[in-house]
Amino acid sequence: MGSPCRPPAPFGEGDPPRFRRRVWGAAILINLLTVVAIVVQLSHSWGQERRHADAVIEGISGALGQALQATVEKLDLALLAAQDGIERGNGTPEAVQALLRRIGERYPDAGMVHVFDPGGRPVGSPPQAAPYAPAIGGRDYFQRLRDDPHAGLVVSGMVRQGGGPWDLILARRLSDSAGSFRGLVLIPVPASDLEPLIARVDVGRDGSVAVFGDMPGVLIRHPGPVEAAASVVLSPEVRGLVRAGVESAFYQARSGVDGVERRFHFRRVGPFPLYLTVGVAGADYLAGWWRDLVRAGTFVVAIGLSSAMIAWLLIARREDGARASHRIQGQEERFRAIADHSPCWEDWITVDGRLLWVNPAVHDLTGRSVADCMAMPDYPLPILHPDDHDPWKGIAEAVASGVRSGSLEIRLRHSDGRMRWAELTWRAVLGDDGRPAGWRGATRDVTDRKTESRSLEASEARYRALFDDMLTAVALFEVVAGADGRPADFRFHTVNRAFLGLLERRAEDFLGRSVREALPALATDRTDWGGLLAQVAATGQPMNFQGYSEVFGRWMDAVVSRPAPGQVAVLLADISHVKEYEARLDQLAHHDSLTGLPNRLTLSLRLQRAIERGRHDRSAGAVLILDIDHFKTVNDSIGTTAGDELLRMVARRYANRLRDSDTLARLGGDEFAVLLERLRTPQDAAVVAQSLIDALRDPFQLAGGRDVFVGASVGISVFPDDGGVAEQLIGKADAALHQAKGAGRNSCRFYTESMTAAASARVELEVALRHGLSRQEFLLHYQPLVALADGRITGVEALVRWQRPGHGLIPPVRFIGLAEETGLIIPLGADILADACRQMSGWRNAGLPLDTLAVNLSARQIQRPDLPDQVRAILDETGLPAGTLELEITESVLMEFGGEVERRLWALKDLGVRLAIDDFGTGYSSLAYLKRFPIDTLKVDQSFVRDIPGDSADMEIVGAIVGLARTLNLEVVAEGIETEGQLEFLRGLGCRTGQGYLFSRPRPAAEIGRLLAAVGDYGVRVAGA
């Protein structure tokens, strides 16, 4: 007796086909989900690559556009200056040449300006250049400016003279007072100046950069020479963008030059008729995406082959078992012989649970022999996993209740400790009376099949988790066709968690529902979602767009694709933060971060537009430059945080005094500017300026209750009287501001031509100063310091002179102030100190009896943190004893930079250097700082000595200074002693040291040695000694 390995009853003729359908269905579903996930990911990756490429070429075009705009703006300023000067002047050749010379000096970096008459013949060129061309009447730019009286700046195509280099021409029209054509001014820009700027741009192996104007032809193209660029024809896309007046845009096109498909960013260069395109080839920016596509395709093929192989093996095994079961059915006599050699573990069990028979295959599955099993009182529970005991016991209950067959999966404990998965198929055995007598079971090892099934389930779970965990919101729709077969609606098939988080909804709100049901508000959204989905569903072409959606309440970047016919996938990314960042960048580029006011760039743009409006309306306007008086001193005393608060309060007060149509800007530091338009008279600007000065009269109450008083100085330039170029007007208002500050501050001044002359002279002097430093034109004279008691020379004061070629010996009063203002006093002062110490050391080494070397320090020098280190290095280099050196500073420096100066003075004192206050009594004299600072000497200013003994007030002041010094144990040096009466008075006060023309004028170093040798121990009493 026995039973087959797999009884036939559970597997009727209809079962194998159903099993095959299930297996193949599962395999197809896994492959479909894999393909959908990969298509969605590739679509998103394609969009990311394209957006990254857009960001790169947009950034490149922005940087390149700014560089080109800055270059053209400088050149156009020179053209505007020439145009304005010629149209206002008498037009004679001498006047034109003088104007071109001035423009060349004012705009040295702006190229060369050439002037042509109405017939295209040259009438003026820069002094250093020959005429640009014999005649230009046939040029397209000349004809355009001649025929169009409203033409502004015109940019030509590339031109060349004979076989010379290629040039880009920038030109403006000249008109007479009646508006008739008077000629033109132009600047030729060599292509060689622009080509390196374009060539440095990295846009990949097959990228391109092109610059062109509103005239036919490309100006410059990279890659390629200028000659090739001139023959390139603009694409229809570019011509359309230029005609539409678009400032910036993306487009896709195939190049007519090399046939390469590229993604382009088009940008207009500022307000000029100049444009550029930056293109990156698809082969460059999609290279990574194509690699991903190949890997994804390989993966899909591998998954497909693997799933097909697994399905085929499962079906083959199942059908093999079914066929075997049919063959052994009804062959009871042959059962034992076959069953004993069956690979399946087979057994026969009675209704009450007794084991009647088991075949040897039990050993292969469990490691137990037939005898072991027959001896088990509770067979087969010791072999089963504890969790499978109850299911196995349930077989007996099922047989007793009339169930004829069944199957279940169980876990077996092998004798070596391994756990194996097995499939148990059982069939009821009926007795002669037809009632259940027991059941026969066949158990086979399905561990490999179970592992494969779990692997498939895990793979599906991973892809599902990948889909759900994507940061990009994804929704997959099924197309709902209308009566005409076209897409009428879309039903949600799958959504991921990012999509649900975007709308703060649950999955059940979408799955199985149409878009109209789940999101009815989409019908009125500013983005036509229904139309976009329908278009992609019909064409299969993916679409990418950006826009603001009221439904989502934010800016969205959307990619719509068709992963399979009848389906549409949407990928959504929230780009609101990108838009906010772009808006913030624009705010930072055009506004001051501290006050929120327009910055200098915005002011210049608005001013230039106001000038153009004024020309059209024949109205006047003004630029006011305002500077807070003594702000640095206030800022140092209250701290930078409170200083920033003060600037914001000043800005609010200014704004309250201005019209809505006026522009208030902050230029930087404590400097503000105001643009006024449509003024009746220039005096209106003065009224506004006085109002702004008055706005600061009341104290400012800062945080902590501290009151601060400040004033303001204002410079005013008026247009069109003072010029027609924004930066020119701002510069003239700034010059007027300096005049107002020099006149005592808290006042306003209008710009005058004399200021320009003064500014030019100042610039010329500054240039000469810089050359003088590099050419070592500065030298030192020394004035003796004399002991008043006996006339002995005890020391010298070093005084700088400038031996300027063609101007003779220049005293310091004419250049020290400018050197202070420009910062040139720093290197000049360092040279003076080093040369003086070197000379003094030489005299002492030669045996001359000099004890003191006095050298003046400027305010700029005393502010430098490295001053003590600089003095130490000079003393070490020259070998001069520190006690011999006396450094002189003024009272105003002590008062203005008190805390700063105190630390530096003590550091100098630690070196052993002596310190003196120069011109004592002329500033804000204070006993407090005499006590606070480590001062050794007071120098009485010559203004107090000059009128002695005729002026009793000066005599009392000098007497008080000498008495104060004696009380504080300080030395006194009297300056400017010129008469015997002054000498006797100072000697009578007990003043021990003096200097002046009575003893000696300042002399070159060589004369000091001869003077000391001449006077010897007898002393010096007259300048000629």
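The values are calculated or read from the model by the stated rules, or taken from the named source; none is laboratory data. Predicted model, so just to flag it, every value in this text is computed and none were measured. In this analysis, Cβ positions are derived from the backbone assuming ideal geometry, glycine residues included, and neighbour counts consider all displayed protein chains.
Overview of results
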| read-out | value |
| --- | --- |
| Close pairs from region 582-599: first touching a residue at least 12 places away in the same chain (Cβ under 8 Å), partner surrounded by fewer than 17 Cβ atoms within 10 Å (Cβ to Cβ) and part of a loop (DSSP other than H, G, I, E, B), Cβ under 7 Å, at least 6 apart | none |
| Close pairs from region 220-248: first at pLDDT below 80, partner small (Gly, Ala, Ser) and part of a loop (DSSP other than H, G, I, E, B), Cβ under 6 Å, at least 6 apart | 230/217 |
| Qualifying position, being assigned to a loop (DSSP other than H, G, I, E, B), in contact (Cβ under 8 Å) with a residue 24 or more places away in the chain and among the aliphatic types (A, V, I, L, M), among 917, 948, 957 | 948 |
| Close pairs from region 864-875: first in contact (Cβ under 8 Å) with a residue 40 or more places away in the chain, partner surrounded by 18 or more Cβ atoms within 10 Å (Cβ to Cβ) and in a loop (DSSP other than H, G, I, E, B), Cβ under 7 Å, at least 6 apart | 871/913 |
| Hits in region 53-93 (condition: farther than 30 Å from residue 200 by Cα and among the hydrophobic types (A, V, I, L, M, F, W, C)) | 80, 81, 82, 86 |
| Scan of region 464-503 for residues that are in a helix (DSSP H, G or I), out of contact with any Phe, Trp or Tyr (no Cβ under 9 Å at 6 or more places or on another chain) and buried (at least 18 other Cβ atoms within 10 Å of the Cβ), ordered by number | 467, 498 |
| Residue selected from region 916-942 under the condition modelled with pLDDT under 75 and farther than 15 Å from residue 963 by Cβ, by the criterion surrounded by the fewest Cβ atoms within 10 Å (Cβ to Cβ) | 928 |
| Criterion violated by residue 730 - all others in (1) surrounded by 20 or more Cβ atoms within 10 Å (Cβ to Cβ); (2) in the same structural domain as residue 1008 (by TED's automatic domain parsing) satisfied | (2) |
| Residue among 560, 578, 568 that is in contact (Cβ under 8 Å) with a residue 40 or more places away in the chain and either in contact with a Gly (Cβ under 7 Å, 6 or more places away or on another chain) or more than 17 Å from residue 674 (Cα to Cα) (or both) | 568 |
| Elements of type helices (runs of 4 or more DSSP H) contained in region 537-645, each with 1 or more residues being over 29 Å from the mean Cα position of the chain (by Cα) and surrounded by 15 or more Cβ atoms within 10 Å (Cβ to Cβ) | 600-617, 631-638 |
| Candidates 399, 358, 351 - the one that is surrounded by 16 or more Cβ atoms within 10 Å (Cβ to Cβ), out of contact with any Ser or Thr (no Cβ under 8 Å at 6 or more places or on another chain) and either farther than 30 Å from residue 314 by Cα or at pLDDT below 85 (or both) | 351 |
| Residue match in region 206-213 (condition: among the charged types (D, E, K, R), part of a loop (DSSP other than H, G, I, E, B) and closer than 16 Å to residue 267 by Cβ) | no |
| Count - residues of region 515-534 that are surrounded by 17 or more Cβ atoms within 10 Å (Cβ to Cβ) and either polar (S, T, N, Q) or outside the structural domain of residue 546 (by TED's automatic domain parsing) (or both) | 1 |
| Residue 102 basic (Lys, Arg), free of Cβ contacts under 8 Å to residues at least 24 places away in the same chain, touching a helix residue (DSSP H, G or I) at 6+ places or on another chain (Cβ under 9 Å) and over 30 Å from residue 198 (Cα atoms) | yes |
| Single residue of region 173-193 satisfying the filter (within 35 Å of the chain's Cα centre (by Cα) and touching a residue at least 60 places away in the same chain (Cβ under 8 Å)) that is farthest from residue 283 (Cα to Cα) | 187 |
| Qualifying strands (runs of 3 or more DSSP E) (wholly inside region 232-286; at least 1 residues being surrounded by fewer than 17 Cβ atoms within 10 Å (Cβ to Cβ)) | 248-254, 261-268 |
| Residue satisfying condition, being of a type in the set (A, V, I, L, M, F, W, C) and in contact with a Lys or Arg (Cβ under 8 Å, 6 or more places away or on another chain), within set 825, 832, 793 | 825 |
| Test: residue 415 is surrounded by fewer than 17 Cβ atoms within 10 Å (Cβ to Cβ) and touching a Lys or Arg at 6+ places or on another chain (Cβ under 7 Å) | yes |
| The one condition in (1) over 39 Å from the mean Cα position of the chain (by Cα); (2) assigned by TED's automatic domain parsing to the domain that holds residue 551; (3) small (Gly, Ala, Ser) that residue 498 fails to fulfil | (1) |
| Lone unmet requirement of (1) over 39 Å from the mean Cα position of the chain (by Cα); (2) hydroxyl-bearing (Ser, Thr, Tyr); (3) modelled with pLDDT of 90 or more for residue 752 | (3) |
| Region 535-548 residues that are outside the structural domain of residue 45 (by TED's automatic domain parsing), paired with ones that are among the β-branched types (Val, Ile, Thr) (beta carbon under 6 Å, 6 or more apart) | 536/560; 536/568; 537/479; 537/568; 543/536; 543/560; 544/559; 547/527 |
| Check on residue 547, touching a Pro at 6+ places or on another chain (Cβ under 9 Å) and within 26 Å of residue 54 (Cα to Cα) | no |
| Of all residues making up region 658-676, the number that are closer than 24 Å to residue 707 by Cα and crowded, with 16+ Cβ neighbours inside 10 Å | 4 |
